[in-house]
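Read the structure below first, then the notes.
Read-outs throughout are calculated quantities, based only on the coordinates presented, and are distinct from any laboratory measurement. Since this is a predicted model, take the numbers as computed values, not measurements. Heads up, the Cβs are rebuilt from the backbone with ideal geometry, glycines too, and the neighbour counts pull from every protein chain shown.
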Amino acid sequence: MELLYSALILACFFTLVSPDAQGDALYALKGSLNASSGQLPDWNENQVNPCTWSKITCDDSYNVIMVSLSNMRFSGTLSPKIGALKTLNTLSLQGNGITGKIPEEVGNLTNLTMLDLDHNQLSGEIPPSLGNLKKLQFLFLSQNNLTGTIPQSLSSLPSLINLQLDSNGLTGQIPERLFEVPKYNFTGNHLNCGFNSSHQCESDSGGAPSKSKTGMVVGIVVGFSGFVLIVGLLLFFFRGRHKGYRREVFVDVAGEVDRRIEFGQLKRFLWTELQIATDNFSEKNVLGQGGFGKVYKGVFPDNTKIAVKRLTDYESPGGDAAFHREVEMISVAVHRNLLRLIGFCTTPTERLLVYPFMQNLSVAYRLRELKPGEAVLDWPTRKRVALGTARGLEYLHEHCNPKIIHRDVKAANVLLDEDFEAVVGDFGLAKLVDVRKTNVTTQVRGTMGHIAPEYLSTGKSSEKTDVFGYGIMLLELVTGQRAIDFSRLEEEDDVLLLDHVKKLQREKRLHAIVDRNLNKNYNILEVEMMIQVALLCTQASPEERPAMSVVVRMLEGEGLAERWEEWQHVEVTRRQEYERLQRRFDWGEDSIYNQDAIELSGGR
């Protein structure tokens, strides 16, 4: 008995001190990737529990479920030992310089839902063992040096919804069943798309779409509702600066979409994690407050900075399930000018959303709340903000299904990343508009001065109410002023920024419009152009406002002159009619104060 007991003790001892299989596999991966001393410094071979390492996510049982090593400039190969990570559901190594083959052992990762190896220098054939990954939803192998044929085994992946194999050296025939995947891209290879004429695709070696060829077929995911549309794109038009192939064009022709939908990487946080990160939601960490709740700055133990939005109206119809569906929809909207959702947290009384922290805060802060010593937004940056915000809204309106209407577009909801690029936040928090049912919603949300007149009077919003709010935001960018400012009552009657700008524009006093903090460092012609776009966006009639895709083109210099000339003609006619009616009912200066006249017009 004592020997048996001792043997059990020894077995337990060796189990405890032997290297953890997960940590061993990850450390081998670090070595094969040729990680430098500054890369992954906390990946320590003597620390057997990798759940404390950076770029690693574990579940509650300390199983590694996510490895995210994108854009870290690795130059090595993939270790075959990676196949030991049996609980892994997300492996992201996109945007490195990884060479060599994709190990057959990747096929052992049977819990994998996302495999992202885009933009590396991988060579050899696609391993047929990937057909074992029955839970795989996202397979991204674009922009590598892969050769050979596409394995038939990929046709047996029942969960696959996004397959990107473009810009490799693949040959042969594409398996017919892969055309049933909701979203795919096979261009930039030497592939035969099959006997079905509807499955034609590009096969030129350069990987750039040819204007002389037609019939390219791409699959586009148009919603998590399961409704899938396969759209044939007959022609791609590239603007002068978009030279060469851009994979994003399959969702957004403007070339600004981050195609790598990261819903598979969305994390459900514990309440205690966010409580600790925000110092128990301390008021000193409040970044801002809006119609949906407060936003807190937080810091995780690995020094990752986050922004936590603590929603106020969590008691929404449908409860927890409805909230989850809304979160799913928000997570699918991925664009460089939209704030990316990292994760969420729910409790019986709380709903929280977790975003990356934007170190340059909001446009409103940079315009009006700067601390001494902080730099003012220069004019070129303001132009980039205008265009980036327009592109983000265009994506929400025209490339999401259901379309997403923001309903509170303003400078305070446009954030600035480390490069001062515009990132639209707070989208999708209001009810999503399902275009298959209706084109309006009925709960008024927004900020006075930014709300379109028809939305305020009827409670009905559409993408054109966002266009109005965007126009006001442009005026904020030009003037640096708030949408409503009662201090202007001292000098004039125009409390609304829109009326104030219109008056100065009619008087040809453009320099008086521009933010004084710019110290005259701006191009007056560009200022005039931005004001013209703003006034077109803020027309009283929603039908006369341009769509955001048109706004993007106008900001890029296409079609503004024609629209502005037409607007001026209509505006002059309206003003003349208004003045005619005013003269008709004008009783003279004294009659306004004639109490007898007023009493005679009253009840008797």
**Request:** Sticking with the crude label model, points 7 Å out along Cα→Cβ, report the distance from residue 111 to residue 70 in nm, one decimal please.
**Result:** 2.2
**Request:** In nm, give the distance between the simple-model label positions of residue 149 and residue 39, each being 7 Å from the Cα along the Cα-to-Cβ direction.
**Result:** 3.5
**Fill in**
Residues whose modelled amide H sits under 5 Å from the amide H of residue 184, counting only those 5 or more places away in sequence or on another chain, are 163, 219
**Request:** May I ask for the distance between the Cα centers of region 105-142 and region 532-571, given as a whole number of Å?
**Result:** 47
**Request:** Using only the alpha carbons, work out the radius of gyration and Dmax of region 347-389 in angstrom.
**Result:** 15.0, 47
**Request:** Would you mind checking the pairs 134/403; 30/81; 284/305; 86/305; 55/305; 55/86 and listing those with alpha carbons more than 22 angstrom apart?
**Result:** 134/403; 86/305
**Prompt:** Per the Kirkwood definition applied to all pairs of different Cα atoms, how many angstroms is the hydrodynamic radius of region 327-411?
**Reply:** 15.0
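Given R₀ = 22 Å, FRET efficiency for residue 275-residue 61 by Cβ-Cβ distance, to 0.05? If you can, show how the numbers build up before the last one.
Numbers: r = 22 Å, r/R0 = 1.01.
For R0 = 22 Å, the calculated efficiency reads 0.50.
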**Prompt:** With θ set to phi - 60° and the Karplus curve 6.51 cos²θ - 1.76 cosθ + 1.60, what are the ³J(HN,Hα) couplings of region 520-536 in order, to the nearest whole Hz, using x for Gly and Pro?
**Reply:** 6, 8, 7, 9, 5, 5, 5, 4, 4, 4, 5, 5, 4, 4, 4, 5, 5
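Pulled fully out, how much extra length does the chain show between residue 573 and residue 325, if you take 0.36 nm times their separation in residues and subtract their Cα-Cα distance? Don't skip to the answer; put the middle values down first.
On the way: separation 248, 0.36 × 248 = 89.28 nm, distance 4.83 nm.
Computed gain between residue 573 and residue 325 is 84.5 nm.
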**Request:** Just check region 369-558 against the gyration tensor rule for me: Cα atoms, a ≥ b ≥ c as the square roots of the eigenvalues, rounded for a/c under 1.5, and otherwise prolate or oblate depending on whether a/b exceeds b/c.
**Result:** prolate
**Item:** Highest-first arrangement of 385-395, 33-43, where packing means the average Cβ count within 10 Å
**Value:** 385-395, 33-43
**Message:** In whole Hz and in residue order, list the ³J(HN,Hα) couplings for region 86-92 that follow from phi through the Karplus curve 6.51 cos²θ - 1.76 cosθ + 1.60, θ = phi - 60°; x for Gly and Pro.
**Reply:** 5, 8, 5, 10, 9, 10, 10
**Complete:** Taking Cα pairs closer than 8 Å and at least 6 residues apart, the relative contact order of region 266-356 in percent is 29
**Asked** What order do you get for 159-167, 303-311 when each peptide is scored by the mean count of other beta carbon atoms within 10 Å, highest first?
**Response** 159-167, 303-311
**For residue 124, residues with placed amide H under 5 Å, excluding near neighbours** = 147
**Item:** Diffusion coefficient, µm² s⁻¹, Stokes-Einstein with Kirkwood Rh over alpha-carbon pairs of region 477-564 at 37 °C and 0.692 mPa s
**Value:** 234
**Ordering of 170-176, 448-454 by packing [mean C-beta count within 10 Å, highest first]** = 448-454, 170-176
**Asked** Length gain on complete extension for the stretch residue 543 to residue 350, per 0.36 nm per residue less the alpha carbon to alpha carbon distance?
**Response** 65.5 nm
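May I have the convex hull volume per residue, in Å³, for the Cα set of region 266-356?
On the way: hull volume 9.5 nm³, N = 91.
Normalising the Cα hull of region 266-356 by residue number yields 104 Å³.
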**Complete:** Non-local residues with an amide H under 5 Å from the amide H of residue 173, with H modelled 1.01 Å from N and Pro and chain starts lacking one, are 192
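Would you work out if region 76-117 is rounded, prolate or oblate? Take a ≥ b ≥ c from the square roots of the eigenvalues of the alpha-carbon gyration tensor; rounded if a/c is under 1.5, else prolate when a/b is larger than b/c, oblate otherwise.
Details: a/c = 2.41, a/b = 1.37, b/c = 1.76.
Cα axes put region 76-117 in the oblate bin.
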